[in-house]
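Some notes on the structure that comes next.
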Amino acid sequence: MKTLVIMPTYREVETLQAAVESLFKHNSGVDLLIVDDNSPDGTGELADQLAAADSRVRVMHREAKQGLGPAYIAGFKLGAQLGYEFMVEMDADGSHRAQDLPKLLAAAPENDLVIGSRWIAGGRVVNWPLHRKAISRIGNLYVRIMLGTKVRDMTAGFRVYRTGFLMGLDLGAVSAAGYSFQVEMAWKSLLAGARTLEVPITFIERENGKSKMSRAIVIEALWQTTLWGLSRALRPNADKLHYVK
């Protein structure tokens, strides 16, 4: 399978090299696209050094920080132009274990969307305090209720898309720029009939650098989900979500 891993970066100079080394240690057959939003800490320069040392690595430099969603969409479009069959979303901070990726890729040929899930049987979260786990679980429950989906981890950021399916979505209509982008993309995929599978992963809280999660991000995601849920109530076919467990 011709597979492109996309890692958006902003201020990830402390974690990027280790994440890249681990990726290729466990997944030697994939390529990597680092999408850097003009990080002020030298992340972009480090990405260029990694690309110069390994032909499997490409770097996309963007002029300013525009958010997670636009970074991924830019990566999707480039990946499609380059002929990749599958595209992977993966964090650059080490929280998504490279050794879990083969499980997701193994399921990809039979699905349009494979989600690395923390909240199904076999999934784990390491080094999160109880309140972080509670926020994630309750947030995902709220999303499931509002959007009428059975997916347990709609906020997960570790996933694989089949490129042919992904590029059939109206990516120009995606409104979320922050972490709610993951919810919107999963929901749009389900509404479009995506064959979807959740695969258990172990999520590890980053040890270096600073988490970008904040109260404002959580509030934004809940507000966006509420708006999507209200729009769902006005769409009679919105409950016809194809989901394969």
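A short reminder: the numbers here are calculations on the coordinates, not readings from a lab. If you're wondering where the values come from, they're calculated on a predicted model, not measured in any experiment. Backbone-built Cβ (ideal geometry, glycine too); neighbour counts: all protein chains shown.
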With Cα coordinates, the longest principal axis of the chain makes an angle with the long axis of helix 180-191, in degrees rounded to 10, of 60 degrees
If amide hydrogens are placed 1.01 Å from N in the peptide plane, which non-local residues have theirs closer than 5 Å to the one on residue 159? 89, 116
How large is the charge dipole for region 1-63, taken about the Cα centre, if only the Cβ atoms of Lys, Arg (+1) and Asp, Glu (-1) carry charge, to the nearest 20 debye? 360 debye
Given 24-33, 150-159, 104-113, the highest-first ranking by average Cβ count within 10 Å works out to 150-159, 104-113, 24-33
Backbone HN-Hα couplings from phi across region 195-202 [Karplus 6.51/-1.76/1.60, Hz, Gly and Pro as x]: 6, 10, 9, 9, 10, x, 10, 10
Non-local residues with an amide H under 5 Å from the amide H of residue 13, with H modelled 1.01 Å from N and Pro and chain starts lacking one, are 43
Across region 62-68, in residue order, what do the Karplus-derived ³J(HN,Hα) couplings come to in whole Hz, using 6.51 cos²θ - 1.76 cosθ + 1.60 with θ = phi - 60° and x for Gly and Pro? 10, 6, 7, 6, 10, x, 5
When the label point is put 7 Å from the Cα of residue 28 along its Cα-to-beta-carbon vector, which residues of region 68-104 have a backbone N closer than 19 Å? 98-103
Under 20 °C and 1.002 mPa s, how fast does region 1-93 diffuse according to Stokes-Einstein, given a Kirkwood radius computed over C-alpha pairs? Answer in µm²/s, whole number. 166 µm²/s
Per the helix-only calculation at 222 nm, which mean residue ellipticity applies to the chain, given -39500 (n - 2.57) for every DSSP H run of n ≥ 4 and division by its residues, nearest 500 deg cm²/dmol? -12000 deg cm²/dmol
Residue by residue through region 104-118, what is 3J(HN,Hα) from phi via Karplus (6.51 cos²θ - 1.76 cosθ + 1.60, θ = phi - 60°)? Round to whole Hz and write x for glycine and proline. 5, 5, 5, 8, 5, x, 9, 9, 8, 9, 10, 10, x, 9, 8
Amide H to amide H, which residues 5 or more places from residue 125 or on other chains are under 5 Å from it, using H placed in the peptide plane? 203
Do you know the relative contact order of the chain, to the nearest whole percent, from alpha carbon pairs under 8 angstrom that are 6+ apart? 23 percent
Between region 70-133 and region 1-46, what is the separation of their alpha carbon centroids in Å? 13 Å
Just one of (1) 1.57; (2) 1.10; (3) 0.95 is Cα Rg over 2.2 N^0.38 Å as worked out from the coordinates here. Which one is it? (3)
